[in-house]
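Accompanying notes for the structure given below.
The values are calculated or read from the model by the stated rules, or taken from the named source; none is laboratory data. Model, not experiment: these values are computed from the prediction. For neighbour counting, all protein chains shown are included, and Cβ atoms are generated from backbone atoms with ideal geometry for every residue, glycine included.
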Amino acid sequence: MPQIDRLLRGGSNADDPISISASFWHLVVCVVVFGGSYGLVMGAFSGFTGDHGLQLLFSCIKAPLLLLFSFVVSLPSFFVLNSLCGLRRDFGEALKALAATQAGLTVILASFAPFTAVWYLSSDNYQSAVAFNGVMFAAASVSSQFLLRRYYGPLIRRDSRHRWMLTGWLVVYCFVGIQLAWVLRPFIGDPSSPPQFLRSDVFRENAYEVVFRLACHMLIGN
Amino acid sequence: MLDWFRSLDRLLRGEATDTKTLLRGDIDVPLPGMTVLIILLGVTYGLCMGAFALMRTAGPAYMQVSASMAKVPFLFLLTLIITFPSLYVFNALVGSRLRFLSVLRLLIAATSVTLAVLASFGPIVAFFSVSTTSYPFMVLLNVAMFSVAGLLGMGFLLQTLHRMSRIDEAIRRRPVEPIFDETGGTPLTATSEPVARELSPLEMPSGQLLGGHVKTVFRCWMIVFALVGSQMSWVLRPFIGNPDEPFTWFRSRQSNFFEAVWHAMINLF
């Protein structure tokens with residue numbers, strides 16, 4: 001708990017570039033544990049009885065997988081671009097700052113789990129459950145930006161090129177993460193369908209095609 | 001092989017193209033090693049690119065994956081071979097002091113940087129290759145990756161050229177006078193250390209004395225390289241493999257790269 005507390009309070013020592021006491025692998029474990037905890041609650045919409053218990057397990061695995069896989073896939077390009085921009089010496093610190101932000105995001109998410117549980121107890125509408133979880137993820141993401149600013153701020157003050165690298169990282173990470181979230185559906189589990197790890201039509205469309213089609217439909221109509 | 005990766009790492013970090021290193025002579029990259037790395041990195045990206053063919057509903061097309069792995073490095077090396085002679089000739093015509101091997105090392109270094117960036121995008125492309133069946137989306141995604149990598153590679157080429165020509169010009173005019181570092185402030189000798197922040201391989205050094213004609217030649221060459229490379233990629237297609245068509249090593253000569261990208265955008269949207 002003291003480590004979690006220090007993680008959430010961010011780099012408090014202005015003289016120390018990134019005062020993240022936890023090691024990189026501790027941060028990864030944090031993502032798995034707290035992300036999995038939120039996934040467990042997220043998957044509980046259909047209940048615990050019978051096959052529906054499987055959805056809890058699936059979501060418990062998928063929530064941290066979403067974050068960690070997006071992180072790993074985005075890492076090689078981040079490394080090469082940091083090198084090209086002359087920021088290699090700060091790469092270790094940058095990586096730890098990003099990992100700490102992810103770990104903080106999962107801790108924030110896990111703290112929202114009771115709200116999700118109460119929502120599930122209050123409503124049996126699947127669409128509203130999906131929307132509520134979307135709001136929880138959005139709120140946790142926005143909150144984690146405060147952590148990101150605190151951890152990455154010293155790097156940006158040291159060299160303003162880090163700002164561009166951070167922007168590039170966020171673009172690539174979100175680009176991959178949105179598609180991965182689409183692929184890993186369902187997270188909540190429709191009560192009218194049996195639990196599935198992945199949907200059977202997972203490869204029919206990608207997230208961006210769906211979003212673009214929906215946007216066109218809203219703006220232009222049929 | 002590890003030494004070659006270390007050389008590539010030095011290129012990416014800018015150590016192989018900083019003023020101190022260039023003062024000692026030519027750009028320090030091993031030509032055979034960098035060529036092998038270009039092939040390896042190209043094969044890696046080709047594997048990621050061709051993975052789209054493994055997810056076909058009609059069954060995986062393993063030959064397409066093999067073809068992509070072979071074609072990506074071939075595309076870059078062939079484009080380099082096609083555009084290099086004219087570059088060297090015009091470079092000499094405008095009076096540049098960059099010799100044959102210097103220009104070749106410079107281009108191989110820039111191509112290595114391009115392939116390094118491209119290979120780093122490989123995991124992203126591989127992920128999308130296996131998670132979507134949209135062929136137009138994958139075409140546009142790969143075009144975007146090649147474009148970004150190409151821009152960064154060309155940026156590296158231009159900045160390194162500026163530094164090389166600046167050093168060469170300063171030595172030719174007044175060889176006894178000190179050469180200043182990239183910020184134009186501190187004199188830099190073979191033993192002194194620059195006190196200003198080190199510039200990255202993509203940053204423009206100040207106080208450059210690059211001849212306008214040489215700069216024009218290289219800028220024209222970059223446009224030619226991009227155009228030739230784009231059309232060469234069309235000639236060597238398919239790289240990804242249209243799921244609605246059977247595998248072939250090459251397609252018939254029709255249309256061109258730019259028309260194809262336009263059609264992909266229309267089909268996607």
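So here's what we get for this one:
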{"quantity": "Check on A:ALA139, of a type outside the set (Val, Ile, Thr) and without any contact (Cβ under 8 Å) to a residue 40 or more places away in the chain", "calculated": "yes"}
{"quantity": "Selection status of B:ARG97, more than 14 Å from chain A (Cβ to nearest Cβ), of a type outside the set (Gly, Ala, Ser) and outside any helix (DSSP H, G or I)", "calculated": "yes"}
{"quantity": "Any hit, the range B:95-108, residues being among the β-branched types (Val, Ile, Thr), within 13 Å of the chain's Cα centre (by Cα) and either over 18 Å from B:LEU158 (Cα atoms) or surrounded by 22 or more Cβ atoms within 10 Å (Cβ to Cβ) (or both)", "calculated": "yes"}
{"quantity": "Which listed residue, of A:SER141, A:SER200, A:SER122, is within 14 Å of chain B (Cβ to nearest Cβ) and of a type in the set (S, T, N, Q)", "calculated": "A:SER200"}
{"quantity": "Test: residue in the range A:143-165 that is within 30 Å of A:SER46 (Cβ to Cβ) and either in a helix (DSSP H, G or I) or in contact (Cβ under 8 Å) with a residue 40 or more places away in the chain (or both)", "calculated": "yes"}
{"quantity": "Scope the range B:100-113; condition more than 11 Å from every other protein chain (Cβ to nearest Cβ) and in contact (Cβ under 8 Å) with a residue 40 or more places away in the chain; matching residues", "calculated": "B:LEU101, B:SER102, B:LEU104, B:ARG105, B:LEU106, B:LEU107, B:ILE108, B:ALA109, B:ALA110, B:THR111, B:SER112"}
{"quantity": "Check on B:SER129, touching a helix residue (DSSP H, G or I) at 6+ places or on another chain (Cβ under 9 Å), modelled with pLDDT of 90 or more, within 14 Å of another protein chain (Cβ to nearest Cβ) and over 23 Å from B:LEU37 (Cα atoms)", "calculated": "yes"}
{"quantity": "Lone qualifier among B:LEU118, B:LEU141, B:LEU158, B:LEU151 - being under 13 Å from the mean Cα position of the chain (by Cα), more than 7 Å from chain A (Cβ to nearest Cβ) and free of Cβ contacts under 8 Å to residues at least 24 places away in the same chain", "calculated": "B:LEU151"}
{"quantity": "Residue in the range A:153-167 that is under 30 Å from A:HIS52 (Cα atoms), of a type outside the set (A, V, I, L, M, F, W, C), within 13 Å of chain B (Cβ to nearest Cβ) and over 15 Å from the mean Cα position of the chain (by Cα) present", "calculated": "no"}
{"quantity": "Residue within the range B:73-81 that is crowded, with 17+ Cβ neighbours inside 10 Å, away from chain A (no Cβ under 14 Å) and polar (S, T, N, Q) present", "calculated": "yes"}
{"quantity": "Some residue of the range A:72-85 being farther than 30 Å from B:VAL130 by Cβ and part of a helix (DSSP H, G or I)", "calculated": "no"}
{"quantity": "Residue within the range A:104-117 that is more than 14 Å from chain B (Cβ to nearest Cβ), within 22 Å of the chain's Cα centre (by Cα) and under 30 Å from B:ALA109 (Cβ atoms) present", "calculated": "no"}
{"quantity": "The range A:69-85, residues that are surrounded by fewer than 21 Cβ atoms within 10 Å (Cβ to Cβ), facing chain B (nearest Cβ under 9 Å) and not β-branched (Val, Ile, Thr)", "calculated": "A:PHE69, A:LEU75, A:PRO76, A:PHE79"}
{"quantity": "Test: residue in the range A:51-61 that is closer than 20 Å to A:ALA139 by Cβ and part of a helix (DSSP H, G or I)", "calculated": "yes"}
